[in-house]
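I have placed the structure first, in the form of structure tokens, so that the comments after it can refer back to it.
Taken together, the values in this text are just the output of simple stated rules run on the coordinates, not laboratory data. The model shown is predicted, which means the values in this text are computed figures rather than measured ones. Neighbour counts run over all protein chains shown; Cβ positions are idealised from the backbone, glycine included.
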Ligand code: NAX
């Protein structure tokens, strides 16, 4: 099995953490043939709860789990880490302005970026789940100048998976029959779930659905607002599905995308498709040899252009806001 891989999870005592950690311990993050050492980071008020989760992880007797440590200090938690899952964030509370939210999260993701820069392993891969995920990832990335910028990613895989599930339901097919679905932009209600290049058993999804009104008025808002629907129905925000998507994101990053398919991830923009350079935006991406690459050369029709531009504009505004606050 080789040396254990160090995986740091922040927000380890939270609801996503509870669903995520057991899947990592069972070998689903990287592959069952790889041993994992878990490093749980929490705020001091929640380290006791994280210790409790660590006891339960021990009770799982997972062959792939080489150990669990709990930290309240980012420097220690990220020291030597290979994979960092940044789940803990400051949620938006009633009456909180966007500036306050960004500022509170800057206070979390700036020191975490610095700690990753100072001590993480050379092959560090970072996935930010905590919202606002894209801009939190940007803040962390900006404070880790010695780490290649493409190692910082934000999670839109849950949106991608939601889109696959909605399309599979509509078409009466299994999700494996679908390929080349894309989420563009921000992990927010402005995101653009795009089926214009998607295939069902090798044929156009848009042609198979043949209902532009359903795509524009039902599918897109359903996916983009699914988080709110879950809160309304479940009485709590998405947790197990978010954990599952985080597992998928890292597994794909490490083990690659299938030939002839792609996935969606928030990655640093190189200006492709007119997306402002330097923001962390969701794109169609392939993964190979542990690296994501933005899929190139796709035709963008007018409908897609408008939607992509709107979500990217929101990300650019968020970047301006965190610049003004001195967070980057
Ligand atoms: P919880 O409130 O259950 O857990 C968050 C945990 O983070 C808490 O235990 C808290 O003590 C901890 N925490 C706060 N600040 C920390 C810090 N500086 N260092 C370490 N830990 C810290 O939230 P949960 O439901 O687990 O959600 C976590 C985050 O995921 C939220 O920001 C949420 O908005 C976001 N989500 C992102 C999704 C995505 O697709 N990108 C979907 C699901 C989810 O909404």
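Remarks
- Hits in the stretch 1-35 (condition: within 16 Å of the ligand (Cβ to nearest atom), assigned to a helix (DSSP H, G or I) and either over 16 Å from the mean Cα position of the chain (by Cα) or touching a residue at least 40 places away in the same chain (Cβ under 8 Å) (or both)): 15, 16, 17, 18, 19, 20, 22, 23, 24
- Qualifying residue in the stretch 75-87 (condition: in contact (Cβ under 8 Å) with a residue 12 or more places away in the chain, within 10 Å of the ligand (Cβ to nearest atom) and under 23 Å from residue 157 (Cβ atoms)): yes
- Scanning the stretch 93-101 for any residue that is within 23 Å of residue 245 (Cα to Cα), within 16 Å of the ligand (Cβ to nearest atom), more than 15 Å from the chain's Cα centre (by Cα) and part of a helix (DSSP H, G or I) turns up nothing.
- The residue list 116, 124, 108 contains one member that is within 19 Å of the chain's Cα centre (by Cα) and more than 23 Å from residue 44 (Cα to Cα), which is 124.
- Filter result (in contact (Cβ under 8 Å) with a residue 12 or more places away in the chain and assigned to a helix (DSSP H, G or I)) within the stretch 281-304: 303, 304
- Enumeration of residues in the stretch 36-66 that are closer than 16 Å to residue 4 by Cβ and within 16 Å of the ligand (Cβ to nearest atom): 38, 39, 40, 54, 57
- The conditions of being on the phi < 0 side of the Ramachandran plot, in a helix (DSSP H, G or I) and free of Cβ contacts under 8 Å to residues at least 60 places away in the same chain are not met by residue 277.
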